[in-house]
1. Looking at (1) in contact with a helix residue (DSSP H, G or I) (Cβ under 8 Å, 6 or more places away or on another chain); (2) farther than 19 Å from residue 145 by Cβ; (3) modelled with pLDDT of 85 or more, which is the one condition that is false for residue 54?
2. Give the residue that is modelled with the lowest pLDDT, with candidates limited to residues of the stretch 104-148 that are touching a helix residue (DSSP H, G or I) at 6+ places or on another chain (Cβ under 9 Å) and more than 23 Å from residue 89 (Cα to Cα).
3. When you go through (1) within 30 Å of residue 156 (Cα to Cα); (2) part of a helix (DSSP H, G or I) one by one for residue 79, which number turns out not to apply?
4. Just name the residue that is farthest from residue 143 (Cα to Cα) out of those in the stretch 43-83 that are among the aromatic types (Phe, Trp, Tyr) and surrounded by fewer than 21 Cβ atoms within 10 Å (Cβ to Cβ).
5. Residues to consider are 219, 230; find the one that is among the hydroxyl-bearing types (Ser, Thr, Tyr), out of contact with any helix residue (DSSP H, G or I) (no Cβ under 9 Å at 6 or more places or on another chain) and at pLDDT 95 or above.
6. For the stretch 116-232, give me every one of the strands (runs of 3 or more DSSP E) that falls completely inside it and has 3 or more residues that are within 21 Å of residue 65 (Cβ to Cβ).
7. If you scan the stretch 69-124, which residues turn out to be closer than 29 Å to residue 201 by Cα and of a type in the set (D, E, K, R)?
Amino acid sequence: MEKIIKNIKNFRQDIMANPNLEINEAEWKDFLELSDSSIEWFIDDLKNIGKITVEPKYASVLKFSNISIKWKAKSQNYFLYGGFLINGIFEALSNPSTFWKIDFSLPNDASVPENLKHFEKLNWFEKQAWGDDWRYGCFVRGTKKFPPKIAFFDKNWYTLMDLSFEDYFNAMIESCAVKGWQYFYIDWHQEIPHKKIALEDMELAVKALPELFPKKDFTYHINKLKEIKTIN
């Protein structure tokens, strides 16, 4: 977990120094400074209330809370943005799952119809920092050990991702947290309701990212989009 923290801080430094981007410095909040006793309390509470065991090697993940950064391209040739907002990991593992209800016009306190019950196992830990995006990285709750499986939620739909918790953040950083980056890492051999918009976002990403981040290698993203086009 300390490596993820280091990678995120390095990513922030890279984009802050990038002359091709506009950044809102005020959006950044640092990782929580928690005492050992506070971390132990969180771990005990998750075990007693959430029935989730957090091994010591994952303890520092509890420092993740409300960390956010936004960037957008200065270029007038296209409108592209990226960034992230990390929910408190303790909250994502223990709070009721209600974020998805707005897509189905359900109040937070409304009872959930049987056909939507499966959404209750999701709770988000990461989303795009910009307010008009409705895509989330989610824990799939139900396992008794941290980290749970990861799902990608886009509006009224979700799919499991074949990424570990560490892999998710590594992929996000490799993708510069560009909007819709998760679509480069899901299985496209399935029905995808928001396919048209996803492909548009991916096309823009592979076109613009090499220009905006000239020191980074986006070969994976370029090849992945080519592969996806052979499927669809």
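The values are calculated or read from the model by the stated rules, or taken from the named source; none is laboratory data. Computed from a predicted model, the values in this text were never measured in an experiment. In this analysis, Cβ positions are derived from the backbone assuming ideal geometry, glycine residues included, and neighbour counts consider all displayed protein chains.
1. (2)
2. Among them, the one singled out is 110.
3. For residue 79, the exception is condition (2).
4. Restricting to residues being among the aromatic types (Phe, Trp, Tyr) and surrounded by fewer than 21 Cβ atoms within 10 Å (Cβ to Cβ), the top hit is 78.
5. Details: 230 fails: at pLDDT 95 or above.
Result: 219 is the single residue among 219, 230 that is among the hydroxyl-bearing types (Ser, Thr, Tyr), out of contact with any helix residue (DSSP H, G or I) (no Cβ under 9 Å at 6 or more places or on another chain) and at pLDDT 95 or above.
6. 122-127, 135-140, 149-154
7. Step one: of the stretch 69-124, the residues closer than 29 Å to residue 201 by Cα are 69-89, 92, 97-106, 116, 118-124.
Selection gives 70, 72, 74, 101, 103, 120, 121.
So that you can scan it fast, the table gives a plain yes or no per residue for (1) closer than 22 Å to residue 195 by Cα; (2) among the charged types (D, E, K, R); (3) surrounded by 20 or more Cβ atoms within 10 Å (Cβ to Cβ); (4) touching a residue at least 40 places away in the same chain (Cβ under 8 Å):
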{"site": "95", "(1), (2), (3), (4)": "no, no, no, no"}
{"site": "131", "(1), (2), (3), (4)": "yes, no, no, no"}
{"site": "142", "(1), (2), (3), (4)": "no, no, no, no"}
{"site": "146", "(1), (2), (3), (4)": "no, no, yes, yes"}
{"site": "154", "(1), (2), (3), (4)": "yes, yes, yes, yes"}
{"site": "170", "(1), (2), (3), (4)": "no, no, no, yes"}
